[in-house]
Amino acid sequence: MNFRKKQILTIIFLFVFSVSFSQTIKSDSLRGKFTYLLQCKPNTLNRDYVYKELFSLQISDSRAFFISENRLKFDSLFMAKFNKNKSHIDLNNVSTQTSNFLIIQTNDNSQYYEAVGMSLLSYNSAVIDNWKLIDETKVINSIACKKAEVHYKGRDWTAWYATEIPFPYGPNKFSGLPGLIVKITDKTGDYGFELVKSIPSSNLKGQTIAINKMYYQNSKLITKKELVQARADFRENAKYQLESMGTVFSQDQKDNLRERQKRIEIEKNTRNPIELED
């Protein structure tokens with residue numbers, strides 16, 4: 001069996017979908033649906049590299065869900081292939097480049113969910129309540145916006161929000177403004193989110209937020225520090241966990257794993273995360 005990321009994902013998804021297949025939110029009516037483009041520089045040694053990814057912000061009456069669009073597309077394709085042939089799921093032509101987290105925002109907090117191995121972990125963050133509202137306006141993508149600033153998790157952010165779109169939410173964990181965040185960037189230019197698509201509310205009538213419950217239900221609530229450690233432990237022990245599931249590695253594959261571990265160790269000191277402080 002070749003050791004590839006897609007095959008690892010297949011193993012994990014086969015297990016998870018066997019117990020939570022087709023479980024979706026039934027009670028959350030869809031009030032707003034928006035797409036944001038993330039552009040960031042995730043590596044301090046390669047400042048010319050800009051990573052880009054689209055995210056979906058789906059808003060109900062009392063909360064908002066922020067998740068990678070690639071992840072939703074991957075799930076949709078996986079389900080289609082799973083229904084067609086449960087014994088053989090070919091993911092060779094399916095992109096697996098996606099951010100592996102879900103954030104649910106409410107008026108009380110933002111809860112971050114991430115699957116680490118076979119465990120669903122989560123931690124809470126307080127709603128941002130120290131926004132500084134600036135008497136300045138700007139039109140972004142034909143939307144009239146107002147300016148706000150905040151220092152959050154080690155970065156200075158500038159946000160542009162639209163009071164004409166009366167949702168107190170935005171991308172990632174950014175919420176708490178009197179209108180939807182249309183654009184937000186940090187002072188260094190390393191991270192930025194911008195609204196690139198919205199669905200008219202008239203087109204959302206009767207729709208609900210269709211996000212699988214496996215992404216947030218029955219998670220283990222921990223701290224962010226503990227989640228970071230869980231990630232590191234999983235990367236360190238991934239080979240042994242896969243072997244315990246019946247995976248057999250050739251010598252070349254073992255050598256590749258060792259090289260991968262070396263690269264991970266090097267990258268630890270060059271990562272440029274969105275949050276610089278806990």
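The values are calculated or read from the model by the stated rules, or taken from the named source; none is laboratory data. As the structure is a computational prediction, the values presented were derived from the model and not from experiment. Ideal geometry is used to build each Cβ from the backbone, glycine not excepted, and the neighbour counts take in all protein chains shown. Just so you know, the surface numbers come from the protein's heavy atoms only, side chains and all, with ligands and any DNA or RNA stripped out. Shrake-Rupley method; radii C 1.70, N 1.55, O 1.52, S 1.80 Å.
Among residues that are surrounded by 16 or more Cβ atoms within 10 Å (Cβ to Cβ), hydroxyl-bearing (Ser, Thr, Tyr) and at pLDDT 60 or above, SER62 is not included.
Within region 255-278, take every residue that is open to solvent by less than 70 Å² (accessible area, probe 1.4 Å) and at pLDDT below 70 and give me the one that is nearest to LYS153 (Cα to Cα). The extreme case among them is ILE264.
How many residues are of a type in the set (D, E, K, R), open to solvent by 40 Å² or more (accessible area, probe 1.4 Å) and part of a strand (DSSP E or B) if we restrict to region 38-59?
Our first condition is that a residue be of a type in the set (D, E, K, R); within region 38-59, this holds for 41, 47-48, 52-53.
Still in the list and also open to solvent by 40 Å² or more (accessible area, probe 1.4 Å): 41, 47-48, 52.
Okay, now just the ones that are also part of a strand (DSSP E or B), so 52.
So the answer is 1.
TYR112 meets each of the listed conditions (1) farther than 30 Å from MET214 by Cβ; (2) in contact (Cβ under 8 Å) with a residue 40 or more places away in the chain; (3) aromatic (Phe, Trp, Tyr); (4) open to solvent by less than 30 Å² (accessible area, probe 1.4 Å) apart from (1).
THR188 meets all of the listed conditions (1) closer than 27 Å to ARG47 by Cα; (2) surrounded by 15 or more Cβ atoms within 10 Å (Cβ to Cβ) but one, namely (2).
Restricting the search to region 144-159, which residues are closer than 11 Å to ILE181 by Cα and in contact with a Phe, Trp or Tyr (Cβ under 9 Å, 6 or more places away or on another chain)? Across region 144-159, the qualifying residues are CYS145, LYS146, LYS147, ALA148, ALA159. Looking at region 122-132, can you tell me whether even one residue there is under 17 Å from the mean Cα position of the chain (by Cα), open to solvent by 60 Å² or more (accessible area, probe 1.4 Å) and touching a residue at least 12 places away in the same chain (Cβ under 8 Å)? Scanning region 122-132, I find at least one residue that is under 17 Å from the mean Cα position of the chain (by Cα), open to solvent by 60 Å² or more (accessible area, probe 1.4 Å) and touching a residue at least 12 places away in the same chain (Cβ under 8 Å), so the answer is yes.
Of all the listed residues (MET245, MET214), the sole one being at negative phi, open to solvent by 70 Å² or more (accessible area, probe 1.4 Å) and either at pLDDT below 95 or polar (S, T, N, Q) (or both) is MET245.
Set side by side, the residues SER99, SER76 differ, and just one is under 30 Å from PHE167 (Cα atoms), modelled with pLDDT of 85 or more and hydroxyl-bearing (Ser, Thr, Tyr), which is SER99. Consider VAL196 carefully, then state whether it is of a type in the set (A, V, I, L, M, F, W, C), open to solvent by 70 Å² or more (accessible area, probe 1.4 Å), touching a residue at least 24 places away in the same chain (Cβ under 8 Å) and farther than 23 Å from ARG271 by Cα. Yes; evaluated as a whole, the condition is true for this residue. For the criterion of being farther than 21 Å from ASN218 by Cα, modelled with pLDDT under 50, over 18 Å from the mean Cα position of the chain (by Cα) and open to solvent by less than 70 Å² (accessible area, probe 1.4 Å), GLN7 passes.
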